Amino acid sequence: MKKWTWISLIAIICILFTGVGKANAAEKGKRYIGLHDRILPIEDIRVIDGDTKVPLKDIANYLYLPVETKDGKTIIQKQGKEFIFDHSTGTTTLDGVDQPWKPIASIDGQLFISVKYIARETGFQFEYFQEHHTIRIYRNEFNHISHEAFKEVIKAHGTKQPPVSTSNASKKATVYLTFDDGPNQSTLINNATLEKYKVPATFFFLGNQMKQNESIVKTVSKSGHYIGSHSMTHDKALVYNSTESFIAEMAGGAELVEQLTGKSANLVRVPYGSKPLVTPSMQKSLIARGFKLWDWDVDSNDWRYTDKQAGQIVKNVQEGVTKAVKSGDKDIIILLHDRSQTTIALPRIIEWLQQEGYKFKAYEPDNHIIQNFLRDPLL
């Protein structure tokens, strides 16, 4: 009798420990955070006491959360609400009221925040897909796909094909992803996506935007991307008013890049493209000042579309690149913009280019590629 009692006890213990093992395995499974119709490129997702938390700095980029740290406190202000995390006590207050739990926590030296908490408190709704370990954040006023359709997005994200081998890629053309009109909040999202896929790119920033977003300029530069000038204002009347105003606009942006990053910005992209707006006098002035000029081979036309139409941007790039390759182009410059619809399209654009075997490069000053509508070999 004692023998069977011991056997039963051992069996029960094994079952219990097996169950715990499975539960822990489930806790450690790959998790995703979705925003509207896409999966965010956030890697460090943790489940703490049953609550999903992500780095505050990451989610702040995607939800446009202004974050400020001073006097030992981190402050977030959004939707008329103020969240304060006290680093000395580890407590969080919302509009001065202590929160009874820890929606924000310091873990391994950085702040993590509850996804559901910040979504709910800033006007978002959320849906949890338990089978896929995914939380989807969304707003009803945003035209988004159904939850059933979003499950397919999760599945596709989790079963991405790896990039093709270097031997295959070497046979393909080189692509240069370029982004105009930053820096802004979309710049941060595009930069995060590029980091995730380990893809270098070229940004053409506006001077007036750089003055307001110095930290973004520095972030992009530190990520290893090239930054060029896209003028100070992007105002057609001001930029092209005269040769003097044209050079002042382009040089002003280049000087700001150098001031903020310590790196020269000799490559420029003029607003609306160089032809027919750039006059022979402006052309000569660019050359005299030592500037190089890039237009583009493939126009994504991303500015024409809404967030919901991001798929068309992907299609435009695919068709444009395919056409450029057929024409024999070995260095393909793709025009994109720092806009919300582009942040949605970018992961799919990169994945397609990788799967097709294209190589990525940022602009290299020592290996200048001539691409301007003026057909000027000196630019």
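Descriptive notes on the structure:
- Between ARG375 and LYS263, the C-beta separation translates, for a Förster distance of 41 Å, into a calculated FRET efficiency of about 0.90.
- Calculated FRET value between LYS198 and THR174, using beta carbons and R₀ = 22 Å, to 0.05: 0.90
- The chain, relative contact order [Cα under 8 Å, separation at least 6], %: 16
- Cross-link table LYS53/LYS116; LYS198/LYS361; LYS30/LYS151; LYS81/LYS116; LYS263/LYS359, entries beyond 20 Å C-alpha to C-alpha: LYS263/LYS359
- For the pair LYS236 and GLN318, a Förster radius of 35 Å applied to the C-beta separation gives a FRET efficiency near 0.70, rounded to the nearest 0.05.
- Correct option for Rg and Dmax of the Cα atoms in Å [calculated from the coordinates] among [x] 25.0, 104; [y] 37.3, 125; [z] 21.8, 71: [x]
- Near GLN371: Cβ cut-off under 9 Å, other residues only, Lys/Arg at +1 and Asp/Glu at -1. The net charge is -3.
- Rounded Å value of the spacing that divides the Cα centres of region 57-117 and region 297-317: 35
- Total charge dipole magnitude, the chain, about the Cα centre, Cβ charges on Lys, Arg, Asp, Glu only, Debye to nearest 20: 1180
- Over the chain, dividing the summed -39,500 (n - 2.57) contributions of all DSSP H runs of at least 4 residues by the number of residues returns a 222 nm mean residue ellipticity of -12500 deg cm²/dmol.
- Expressed as a whole percent, the accessible surface of region 189-245 that belongs to carbon and sulfur atoms is 47, based on a 1.4 Å probe.
- Extension reserve of the ASP98-ALA156 stretch, reckoned as 0.36 nm per residue once the Cα distance is removed: 16.8 nm
- Between GLY228 and PHE203, PHE204, PHE205, the built amide H atoms are under 5 Å apart, and every one of these is 5 or more places off in sequence or on another chain.
- DSSP beta bridge pairing in the chain, given as percent antiparallel to the nearest 5: 55
- A 1.4 Å probe run over the chain, with the rest of the protein chains in place, finds 50 Å² accessible per residue.
- Relative contact order computed over region 266-379 (Cα-Cα under 8 Å; 6+ residues apart), in percent: 35
- Shown in residue order for region 363-379 are the 3J(HN,Hα) couplings computed by the Karplus curve 6.51 cos²θ - 1.76 cosθ + 1.60 at θ = phi - 60°: 4, 10, x, 7, 9, 5, 9, 7, 8, 9, 5, 7, 6, 9, x, 8, 9 Hz (x for Gly and Pro).
- With every protein chain in place and a 1.4 angstrom probe, the accessible-area ranking of GLU244, GLU249, GLU131, GLU195, largest first, reads GLU131, GLU244, GLU195, GLU249.
The values are calculated or read from the model by the stated rules, or taken from the named source; none is laboratory data. Note that the structure is a prediction, hence the values are computed from the model and not measured. Positions of Cβ are generated from backbone atoms using ideal geometry, with glycine treated the same way; all protein chains shown enter the neighbour counts. When the accessible area is computed, the model is the full protein with side chains, heavy atoms only, and any ligands, DNA or RNA have been set aside. Shrake-Rupley method; radii C 1.70, N 1.55, O 1.52, S 1.80 Å.
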